[in-house]
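Report on the following structure.
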Amino acid sequence: MEVMRGQRKQINVPSPLHAEAESLVWAMEELSSRGFQQVCLESDCQQLVHIINYSKKWPALDPEVDAIEALRTSFTSFLLRFISRFLNFRVDALAKEARSRDLHYTFVDSMVPVLLTHEASTIRPV
């Protein structure tokens, strides 16, 4: 399993919900362009997760939802799930860091899953 993380700062976004939706579109585009086929995304925006997973109508988000639905077909497996902000402290910290920057920018990186880093740290040399 490979874990990706990224940051992107946009300006002139109509609302926090739009920012979440546009970020999801961007993440899906990045993953698709890197050849990922099985994707599990987590968001602390429960409203967006419900809109996407339960096909709830939200007319102001129609362009973003249409893009998400189109991108969804590029993956053999796609899962979007809610994660509470309390459990999502790393992403919350990345978002706060992104908001503190003045410029528009994008950053994507691959990282070792937390589970693996913990296991690796407990292995002692023989």
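The values are calculated or read from the model by the stated rules, or taken from the named source; none is laboratory data. Quick caveat: nothing in here was measured; it's all calculated off a predicted structure. We place every Cβ from the backbone using ideal geometry, glycine too, and count neighbours over all the protein chains shown.
Below, the figures for the structure above:
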{"item": "Entirely in segment 31-123, the helices (runs of 4 or more DSSP H) that have 3 or more residues that are modelled with pLDDT under 90", "result": "89-100, 114-122"}
{"item": "Residues that are buried (at least 16 other Cβ atoms within 10 Å of the Cβ) and either more than 12 Å from the chain's Cα centre (by Cα) or modelled with pLDDT of 90 or more (or both), drawn from segment 1-21", "result": "Lys9, Leu17, His18, Ala21"}
